[in-house]
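Taking it in order: structure first as structure tokens, then the write-up.
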Amino acid sequence: MRIAIDMKINICSETKLFGIKGEGVSTSFSDCVKLISETGDVDVVINSQGMGDVMHSHTYGPYYFWRGLKYRGKLVYTAHVIPETAKGTFPAWKLLMPFFKWYLKKVYSFADICIAISPMVEKAIRDLKVKTEIVRIDNPVLLEQWKRSPDLRSRGREILGLEQNAFCVLSVGQVQTRKGCEDFIKIGSQCLNAQFRWVGGRPFGAFTHGLLRINAAIENATPNVKFMGMYSHEDMACIYAAADLFIFPSFTENCPLAPIEAAASGMPVIFRDIPEYKLLYTNPYLKAANNTEFLALINEMMSNSEAYSKGLEISKKLITQFDKKEIRKKLLDVYKTLANDELIYELKEILK
């Protein structure tokens, strides 16, 4: 005999509330909603659709504090942003850093449980002397939705303006200094036998760090390098399928979604060699310390089929860390703890 006793989880994000798209937090929120909803054993309400047993927020604006007042003792916050994120994102970030640290400490402390999406995020929260309980859970990535097909590739190639036989090097991210888009342009200018495409927008508009310099670099880029702007989440499976190789030249990251989505699509992924990934990933990954190394790996992937096949195998192994069943189980354990439903869950197990 099985008794179905469900929880109701209020998953919140100001990216949904205010229609902000094209950045990682928005994707992570959407994937979290899909993941928790998919088996039907947990009821999900979004933002102000209704009250839940637990609130889980992915953003940290005024709505987080206002809505969270109704969930004191049962509030989860996923920390996608740490103080270091401001570097290379906003102009005058050095002046803003004391305020940013103060504000994020308030954000972390307001929650009953903080989910740290990477070891670096966990360290950043602890460095602020926050007393909130911290749980390490990777970003949910619904790997199956990125699997490529000939139809997706054809549609994506049309979107990106690629000829059938062109070798495409792709990167996805916000157009800002921190993401390494200027290095992407420099690398592309030295690899004229490949097409380089950058997909992503500027969610902070005029407040983007290095805006004028980046605009000038894009305008003067070689013809094989194009910045395509932002596309909907629904179009991204086509975008990934259109590419042959993904490079991720970002200088600072926590638990980035784009390279894992690209790997799930079925192509080699080259990361910038930064400390965050050594702590985050449990499996090997391709990495480059500078533009020269990026260029060497790109040329190797283009000219050596054996090296390309090895890159594909590395991608396949890399994504095994992001098993959605394990991530879902960890999230439900967090919700269950705050909902104080331990006895109910134990009863369900007994009566199965």
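Every read-out reported here was derived from the displayed coordinates using simple, explicitly stated rules and does not represent laboratory data. Values in this document were obtained by computation on a predicted structure and should not be read as measured data. Here Cβ is always computed from backbone atoms with ideal geometry, including for glycine, and neighbour counts include all displayed protein chains.
Some points to look at:
- Dividing the mean sequence gap of close Cα pairs (under 8 Å, 6+ apart) by how many residues region 143-321 holds gives a relative contact order of 26 percent.
- For region 143-321, the dipole from Cβ point charges (+1 on Lys and Arg, -1 on Asp and Glu) about the Cα centre works out to 160 debye, to the nearest 20.
- Note on region 143-321: antiparallel DSSP beta bridges, both residues inside, total approximately 0 percent of the bridges counted.
- Mean separation of Cα contacts under 8 Å (6+ apart) over length of the chain, as relative contact order %: 19 percent
- Working from label points 7 Å from Cα in the Cα-to-Cβ sense, the THR292 to SER309 distance is 3.1 nm.
- Alpha carbon Rg of region 143-321, scaled by the compact-globule rule 2.2 N^0.38 Å: 0.95
- Less than 5 angstrom separates the built amide H of LYS287 from those of PHE271, all sequence-distant by 5 or more or on a different chain.
- Column: log10 I(q)/I(0), Debye, Cα scatterers of region 30-152, q = 0.10, 0.15, 0.18 Å⁻¹: -0.38, -0.78, -1.03
- Amide hydrogen neighbours beyond the local backbone of ILE115, cut-off 5 Å, H modeled: TYR77, THR78, ALA79, VAL135
- Quotient of C-alpha Rg and 2.2 N^0.38 Å, computed over the chain: 1.03
- Between LYS131 and LEU95, full extension at 0.36 nm per residue minus the direct alpha carbon distance yields a gain of 10.3 nm.
- Peptides ranked, highest mean first, by Cβ atoms within 10 Å: ranges 37-48, 174-185, 271-282: 174-185, 271-282, 37-48
- Sequence ranges 109-116, 162-169, ranked by mean other-Cβ count within 10 angstrom, highest first: 109-116, 162-169
- In order through region 24-32: 3J(HN,Hα) via Karplus (6.51 cos²θ - 1.76 cosθ + 1.60), integer Hz, x for Gly, Pro: x, 5, 4, 5, 4, 4, 4, 5, 5
- Neighbour-count ranking [beta-carbon atoms within 10 angstrom, fewest first] of HIS56, HIS233: HIS233, HIS56
- For the chain, with +1 on Lys and Arg beta carbons and -1 on Asp and Glu, the positive-most of ALA307, ILE82, ILE46 along the dipole: ILE82
- For region 80-171, the orientation-averaged shadow of the C-alpha convex hull comes to 9.0 nm² (one quarter of the hull surface).
- Pairs of C-alpha atoms in region 240-323 farther apart than 21 Å represent 21 percent of all such pairs.
- Lysines with Cα under 26 Å of LYS226, excluding same-chain neighbours fewer than 8 positions away: LYS21, LYS87, LYS147, LYS179, LYS186, LYS287
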